[in-house]
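Down below is the structure, laid out as structure tokens.
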Amino acid sequence: MTEILALVLIAIGVLFNVSGCIGLVRFPDVYNRIQASTKCVAVGTSFIIVGSVFLIGTIVAILKGLVCIVFILVTSSTAAHALARAAHRSGVPLWSGSIVDKYQEDIKKEAAP
Amino acid sequence: MTFFETAIIVFFVGLLICCALCLHRIARGPSAPDRMVAIDILGTVAVGFIVILMAVTGKAYLLDVALVWAMISFIGTLALAKHLSGKNLND
């Protein structure tokens, strides 16, 4: 029973990872790619860790798995935020179908007065 | 082959497909942030790989490897982000 539950959790995680990587390939510009892939892969890897730790089942493994999940959630979102900001500042163009660019408006508003 | 082994092989194939898609983006990506986000995703997928390997083989030290990888794999991304936004690495 434990084995089945762990396998289901790992399967959910792998599905999230594959969909995130498909988003990384298919989306049209760098901001969409960051948005799709970072969130999907962080959550998918968290699911994989939960399922694998479930298979091991010792208290040390559970604690280390929790710390690992916290680090993945913190570091991947930090890296994605910094990278999107740097890409916008270095002038990577948005997709031609984008309809709003709030960060550009904020930069203009700061520069105006 | 038992059901468990078949499922684990299917999971490894899924993660290998993830790695192949990331490598495709690293090769094709038109700008530097595209390549860097793909490298970041590749690091996170590698953490998943190591953790599944830990669960299959039962060697608990692999969880430490995954922990350290999750801690330090984003430093390169932050360094490139700082370089792209026009600052030096020491300020």
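What follows draws every value from the coordinates through simple rules; no lab data is involved. Everything quoted here is computed from the prediction, not taken from an experiment. Cβ coordinates were reconstructed from backbone atoms using ideal geometry, including for glycine residues, and neighbour counts include every protein chain displayed.
Tabulated data
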quantity: For B:67-79, mean number of other protein chain Cβ atoms within 10 Å; calculated: 5
quantity: Options B:Val51, B:Leu78, B:Ser31, ranked by Cα towards positive dipole end of chain B, top entry (Cβ charges); calculated: B:Ser31
quantity: Per-selection metrics, the protein assembly as shown (Cα): Rg and Dmax in Å; calculated: 18.5, 71
quantity: Within region A:66-113, chymotrypsin sites (Phe, Trp or Tyr not before Pro) in DSSP loop having at most 12 other beta-carbon neighbours inside 10 Å; calculated: A:Trp95
quantity: Chain B, Rg to Rh (Cα coordinates; Rh as Kirkwood inverse mean 1/r); calculated: 1.10
quantity: Within a Gaussian network of chain A (alpha carbon springs, distance under 10 Å), most fluctuating of A:Thr38, A:Thr75, A:Thr58; calculated: A:Thr58
quantity: Cα centroid of region B:59-77 to Cα centroid of region A:38-113, whole Å; calculated: 17 Å
quantity: Of A:Gly97, A:Gly65, A:Gly23, the one that fluctuates the most in a GNM where chain A has Cα springs shorter than 10 Å; calculated: A:Gly97
quantity: Over region B:3-84, relative contact order from alpha-carbon pairs under 8 Å, at least 6 apart, %; calculated: 24 percent
quantity: Radius of gyration and Dmax over the Cα atoms of region A:27-113, both given in Å; calculated: 18.3, 60
